[in-house]
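Below is one structure, written out as C-alpha cells; comments come after it.
The values are calculated or read from the model by the stated rules, or taken from the named source; none is laboratory data. Everything numeric in this text was worked out from a predicted model, so none of it was measured. Neighbour counts are summed over all protein chains in view; Cβ atoms, including those assigned to glycine, are modelled from backbone coordinates with ideal geometry.
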Amino acid sequence: MGRFSPENLKKARETYAKKRETLQIKWEEEGKKCVDCGITKPLSEYYIHDSKTGRTNPHCKLCTVKRYSKTPGAGKLLENRELFKIGKKRCTSCLKIKPLSKFYKRKGNDLPKGRCKICSTIYQKDYKLKNNKRYDSYYAWVAAVRFNLPISSITPEITSLIKLEQEVKRSVHIIFDNKKFKTETAVSRYLKSKYNIPIHTSLSRLASGYSIEQCLIPSSEFRSTMNGNSSGKIKVTNVETKEVTVYINKTTCGRDLHICMRRIRKCLDTGETRKPYFNSINKNHLKLEYYE
C-alpha cells in the first residue's frame, strides 16, 4: 500500500486537522486574508463552506458575490453597507465615494439619496430642460380647469401667468425664528418640534388668519382670549375685602370659587352680586363682570 496505507492516511488527517485548528484560532484573532482583494477581514465577512468543520471560503463575501454573480453591479449592497458604517456612500452618478454630508436626505426616512448634491443639481436642471413642454401642458391644464375653458383655447401668455403664480406660491413667504418656510405645514411641524404645539392646531389657526405668535398660545388660554365678550376673561371682586382676581375663562372661575356655571352666567348677564347659599362652600359675596 505504501504511503496510502490506512495508517498513513489517518496520520495525514490528524495533521491536517491540527493545522486547521491553529489556522482557525489565528484567523479568529487576527482575521483572514481574502484571496481576491488581499484585504484581511474578520471571519464574519466570509461565507461558511463546511458547516461541520466551520471552514470558510477563501474569498470574502463581497468578492464571492462579484465572482459568481451574473447580475451587473453585483455586490453594491454589501459595499454600501460597509461604507455606511464609516459614514460614507458611493454616488450613483459620478461613482465617487463621498461622506454622507455631501448627500441630500430623503423626506420619508432621513436616509441619504442616491446622487450627491452636485449630481442632484445637475440632474434636476437637465430634467427641467427636457420636460419644459410637459410642464407647459400641466400649467395649461391648470388654467383650463380654473377658467372652465377647453385646453386648446389656452394661450402661452395664460400659461406663463399660471406658471409665475405657482412659482410665487412655492417660494419662501413665511419667516419665523430667523428661519424660512415655504408652506404652513412646514411651520406647523417646526412649532411641533420646538414648542410642542399640535400640528392640526397650528394649521387651523393659520388657516383662520391668526399669526404664528398666536399659534404659540395654549388652547385653554387661546379659547378664553379669542372668544366671548371682552376676550372671555372674568373679573371677580370680593365685596367685603375689595380683593380683585382675574380668571382666564368661566370654567376656571367656577372651579376655583366653587360656583356653578349657571350662576356665573346669570351674574354676568344681569350684573347682580353673587350671594352664597346656606350650604355653599364659598361664603363670600362676589361681583362678577367681564374683564376689559
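Which numbered condition trips up residue 104, out of (1) touching a strand residue (DSSP E or B) at 6+ places or on another chain (Cβ under 7 Å); (2) in the same structural domain as residue 211 (by TED's automatic domain parsing); (3) of a type in the set (Phe, Trp, Tyr)?
So residue 104 meets the others, but not (2).
Suppose we filter 270, 237, 225 for residues that are modelled with pLDDT of 90 or more and either farther than 30 Å from residue 214 by Cβ or surrounded by 15 or more Cβ atoms within 10 Å (Cβ to Cβ) (or both); which single one remains? Break it down into steps so the answer makes sense when it comes.
On the way: 270 fails: modelled with pLDDT of 90 or more; 225 fails: modelled with pLDDT of 90 or more.
From the options 270, 237, 225, the qualifying one is 237.
Among the residues of the range 250-275 satisfying the criterion of being part of a helix (DSSP H, G or I), among the hydrophobic types (A, V, I, L, M, F, W, C) and out of contact with any Phe, Trp or Tyr (no Cβ under 7 Å at 6 or more places or on another chain), which is nearest to residue 240 (Cα to Cα)? Spell out how you get there, then give the answer.
Of the range 250-275, the ones part of a helix (DSSP H, G or I) are 250-257, 261-270.
Okay, now just the ones that are also among the hydrophobic types (A, V, I, L, M, F, W, C), so 253, 257, 261, 264, 267-268.
Next, only the ones that are out of contact with any Phe, Trp or Tyr (no Cβ under 7 Å at 6 or more places or on another chain) stay: 257, 261, 264, 267.
Values: 257: 16, 261: 23, 264: 19, 267: 17 Å.
That would be 257.
Does residue 253 satisfy being more than 30 Å from residue 139 (Cβ to Cβ), modelled with pLDDT under 90 and exposed (fewer than 13 other Cβ atoms within 10 Å of the Cβ)?
Working: more than 30 Å from residue 139 (Cβ to Cβ): yes; modelled with pLDDT under 90: yes; exposed (fewer than 13 other Cβ atoms within 10 Å of the Cβ): no.
No: the conditions fail for residue 253.
Kindly evaluate residue 278 against the criterion of being loosely packed, with under 15 Cβ neighbours inside 10 Å, at pLDDT below 85 and either among the hydrophobic types (A, V, I, L, M, F, W, C) or in contact with a Phe, Trp or Tyr (Cβ under 7 Å, 6 or more places away or on another chain) (or both). So that I can check it myself, show each step before the final result.
Working: loosely packed, with under 15 Cβ neighbours inside 10 Å: yes; at pLDDT below 85: yes; either among the hydrophobic types (A, V, I, L, M, F, W, C) or in contact with a Phe, Trp or Tyr (Cβ under 7 Å, 6 or more places away or on another chain) (or both): yes.
It is true that residue 278 is loosely packed, with under 15 Cβ neighbours inside 10 Å, at pLDDT below 85 and either among the hydrophobic types (A, V, I, L, M, F, W, C) or in contact with a Phe, Trp or Tyr (Cβ under 7 Å, 6 or more places away or on another chain) (or both).
Hey, can you tell me all the residues within the range 89-113 that are modelled with pLDDT of 85 or more and over 19 Å from residue 77 (Cα atoms)?
101, 102, 104 - these are the residues of the range 89-113 that are modelled with pLDDT of 85 or more and over 19 Å from residue 77 (Cα atoms).
Can you name the condition, by its number, that residue 206 falls short on among (1) surrounded by 14 or more Cβ atoms within 10 Å (Cβ to Cβ); (2) assigned to a loop (DSSP other than H, G, I, E, B)?
Of (1) surrounded by 14 or more Cβ atoms within 10 Å (Cβ to Cβ); (2) assigned to a loop (DSSP other than H, G, I, E, B), only one is false for residue 206: (2).
Quick one: residue 167 ticks every box in (1) out of contact with any helix residue (DSSP H, G or I) (no Cβ under 8 Å at 6 or more places or on another chain); (2) of a type in the set (Asp, Glu); (3) surrounded by 11 or more Cβ atoms within 10 Å (Cβ to Cβ) bar one, so which box is it?
The number of the failed condition is (3).
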